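Let me begin by presenting the structure, written as structure tokens, before commenting on it.
The values are calculated or read from the model by the stated rules, or taken from the named source; none is laboratory data. Quick caveat: nothing in here was measured; it's all calculated off a predicted structure. In this analysis, Cβ positions are derived from the backbone assuming ideal geometry, glycine residues included, and neighbour counts consider all displayed protein chains. Protein only, heavy atoms only, side chains kept; ligands, DNA and RNA dropped before computing areas. Shrake-Rupley method; radii C 1.70, N 1.55, O 1.52, S 1.80 Å.
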Amino acid sequence: MLSYRHGFHAGNHADVLKHIVLVALLRSLTRKDKPVMIVDTHAGAGMYSLEQGFAVKNAEFRDGVAALWERSDLPEVVEDYLGLVRAVNADGVLRQYPGSPRIALGALRPQDRLRLFELHSTERQILAEQFAVEGRRVTVTAGDGFTGLKAVLPPPSRRGLALIDPSYELVSDYRAVVTALRDGLQRFATGTYVVWYPLLQRREAIELPERLQRAAGADWLDIALQVNAPSPEGRGLHGSGVFVVNPPWKFSEQMRGIMPWLTRALAQDAVASFRIDGRET
């Protein structure tokens, strides 16, 4: 995990899906006046250049956020998400991509709080420097977010969202996200939990959605986007999923409304498709 740098993948199709879901959830949670606490277990650097450094190597953003940048037919929630990306690209040119912490901050209000965990020392330093001006509103903590999540739940306001988003470079991450979800629900049963996961041709990735379903019990929604066919060698990311526990009212309806459009917009071949499963009480 300490070698992983999200900059290589910034703004790709997986980021687009994850951040659209995150923005939609935060807009719903912030409709009530009571403060909300957002916890990001694997926060990364917070901002990524798309003109130099890691992102240029594979330019994955070209099949992600860049594919939406000039479109004029954006659904409302996609427009909302893209507005937060445009806010960090004031001249209208796609030069930077905001990570989950910056996306979250853009959707939050002054009374809300953001708790960020990052293990990679370089990423954490960049993150801390960016958010230093926010004072007590944003807390950046060095360390493992799986462990850190236990320490901050439940939030004082009893309203919050936890984004659990490891790199999955380590096989142990697949077990850790299930444990973190189960532990989180024991501490804060009414919280909203968002688990991002990769679509890969490996057993742990294929089995993960079902394991998350068992850990969640009732009230969950599983959204997956496949952008291309798996490679014959079984390598590479052909899509991703976002598993949401305790989704707000009408969130399922909102996602079912935009996923056909998003699939067409990000499709890389004819195999592209989406899936939405859920259990709501």
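The table that follows gives values for the structure above.
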{"quantity": "Looking only at region 207-233, and only at residues there that are closer than 26 Å to ARG264 by Cβ and more than 19 Å from the chain's Cα centre (by Cα), the one that is most open to solvent (accessible area, probe 1.4 Å)", "calculated": "PRO232"}
{"quantity": "Single condition VAL93 does not satisfy, out of (1) within 19 Å of the chain's Cα centre (by Cα); (2) open to solvent by 20 Å² or more (accessible area, probe 1.4 Å); (3) modelled with pLDDT of 95 or more; (4) aliphatic (A, V, I, L, M)", "calculated": "(1)"}
{"quantity": "Residue satisfying condition, being in contact with a Phe, Trp or Tyr (Cβ under 8 Å, 6 or more places away or on another chain), among the small types (Gly, Ala, Ser) and closer than 19 Å to VAL138 by Cβ, within set GLY106, GLY99", "calculated": "GLY99"}
{"quantity": "Residues that are among the aliphatic types (A, V, I, L, M), open to solvent by 50 Å² or more (accessible area, probe 1.4 Å), touching a residue at least 60 places away in the same chain (Cβ under 8 Å) and not in a loop (DSSP other than H, G, I, E, B), drawn from region 96-140", "calculated": "ILE126"}
{"quantity": "Which listed residue is among the polar types (S, T, N, Q), in contact (Cβ under 8 Å) with a residue 24 or more places away in the chain, open to solvent by 10 Å² or more (accessible area, probe 1.4 Å) and over 26 Å from ARG158 (Cβ atoms), from ASN12, ASN58", "calculated": "ASN58"}
{"quantity": "Any chance GLY257 is open to solvent by 30 Å² or more (accessible area, probe 1.4 Å), modelled with pLDDT of 95 or more, closer than 29 Å to PHE61 by Cβ and among the small types (Gly, Ala, Ser)", "calculated": "yes"}
